[in-house]
1. If one computes the Cα centroid of region 202-219 and of region 416-460, what distance in Å separates the two points?
2. Can you pull out the trypsin sites (Lys or Arg not before Pro) in region 222-275 whose DSSP state is coil and whose Cβ has at most 10 other Cβ atoms within 10 Å?
3. Rounded if a/c is under 1.5, else prolate if a/b is larger than b/c, else oblate: which is region 1-110, with a ≥ b ≥ c the root eigenvalues of its Cα gyration tensor?
4. Given H placed on each backbone N at 1.01 Å, which residues far from I310 in sequence or on other chains put an amide H within less than 5 Å of it?
5. Using a 7 Å offset from the Cα along the Cα-to-Cβ direction at both R11 and Q460, what is the distance between the two label points in nm, to one decimal?
6. At a Cα cut-off below 24 Å, give the lysines reachable from K407, other chains included and same-chain residues fewer than 8 away excluded.
7. Hand me the GluC sites (Glu not before Pro) from region 55-141 located in a DSSP loop with no more than 11 other Cβ atoms within 10 Å, in residue order please.
8. List the chymotrypsin sites (Phe, Trp or Tyr not before Pro) in region 85-150 that DSSP assigns to loop (not H, G, I, E or B) and whose Cβ has at most 14 other Cβ atoms within 10 Å. Which are they?
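The values are calculated or read from the model by the stated rules, or taken from the named source; none is laboratory data. As the structure is a computational prediction, the values presented were derived from the model and not from experiment. Quick reminder, even Gly has a Cβ in these numbers, built from the backbone with ideal geometry, and neighbours come from all protein chains shown. Quick note on the areas: whole protein, heavy atoms, side chains included, nothing else; ligands and nucleic acids left out. Shrake-Rupley method; radii C 1.70, N 1.55, O 1.52, S 1.80 Å.
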Amino acid sequence: MKVSDELILYRNFETGQILEDMDWVLAHIDLEEEREEVRVRFYSCMHALIDLAGTYGFEGNLWHNYLTLLLVNNENVFSTSCEISGLTDGSLLQLAKHDFLIFMRLYCLDFSELEEKLSVVFFEEILHYKRGSVEGRVFNRRIRDRICELGTQLAADSAAAGFDCTEKENASCLSDAGLDAFTAHMIRFYQEFGVGKFGLHKAFRIAHDENGVQILPITNIAHVKLDDLVGYEIQKKKLIDNTEAFIQGKTANNCLLFGDAGTGKSSSIKGILNQYYDRGLRMIEIYKHQFQDLNAVIAQIKNRNYRFIIYMDDLSFEEFEVEYKYLKAVIEGGLERKPENVLIYATSNRRHLIREQFGDNMEGDIGKPAEIHATHGGDLHVSDTVQEKLSLSSRFGVTIYFGSPDKKQFQHIVRTLAARYGIAMPEEELLLEANKWELSHGGLSGRTAQQFVDYISAMQ
């Protein structure tokens, strides 16, 4: 029996091929007739470990990093029970310890012994790998470094257990202290970061393929802070108060940020994500053509120990678009109640989200002239049409208006950003150039000010 076949909770690894191949190597290492195939698979494992280091930006002992990646990325009943809230006792804990013993055996794998038995050249770089300038494309730096650190801790715990990993059948001499330390480190990681894609990533997008609705990580997130947005203190406080209540498990509202273009609505949402990620906040971005998948998305996240914001950027609908009806039903109106760990945050340039016409303000009456009926599509009950259009925006309990700055506010934003970027230019000249820039680049807005400062910074 292969080592991985003994696992109970930790199975179906997303990146499990290396483990499968190494397992096969260990099972056939003493069979002379399989010697050539064993060598081929061994070198294949070495190649895969190096490739993994490039993808994730790992360094140090790549074998330990790989085993740690398997543990932190595997969503099972034990690991998901530990995320955010932690787990202290019960049958799951004992079953997890059974699996951890198997992993401890793998952490203690002696590659020098494999080198001798297989007559292969083993490169020490695998155990002392230096990433150089390769940062990795999957995790942010904090998560990546924490996984490498955890790998070092788990390897030390395994060595402290005091057994030879080649003695698979004999566990009687194991140190309980080593196993307990290994288990404690895993629980602490799950509690601090979570597990799997939701634990190791901040933001997600959705895709619909032959397997149904998939929630996929977004690996390159702009690290925007709320403090980066100059001004709009009242708006930011309102958004923070609502999100803080949500994170604490109190009653919170769906939130609509509306107003003029370039005023920081989207940046505020990104800032909220970065500010509350460490406290279990995650964000899923969805577009209006995907609204029919909303129920499937919610079904996948409703029982997880995170707080999810479903984010809709630049949300608006033309009269002929009916996707908003899916959104209405999800927010409020369907038979199934929206889970307590899910909120919807949207940004829009339109207060009421759905395009309105002058004719919507006229009261429909059969006795009115034909040209008036033509103005609003011939509706006999215009008030009903208006209520239908307003019903979506009214489902957002918190609405926050972001208006364009006036001249004085615009200049304040420019001065603040220029100081932040260290731009050395007399204030009078700076503001004169900023005024010229805004006249030809979209008018007064925070976005225009940021673009101007970026331009000046590059020129200097």
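1. Using only Cα atoms, the two centres lie 38 Å from each other.
2. Numbers: sites: K225, K236, K237, K238, K250, K265, K270; in loops: K225, K250.
The qualifying sites are K250.
3. Oblate.
4. Those lying under 5 Å, H to H, from I310 are I284, L343, I344, Y345.
5. 6.2
6. Excluding near neighbours in sequence, the set is K236, K237, K265, K436.
7. none
8. F123
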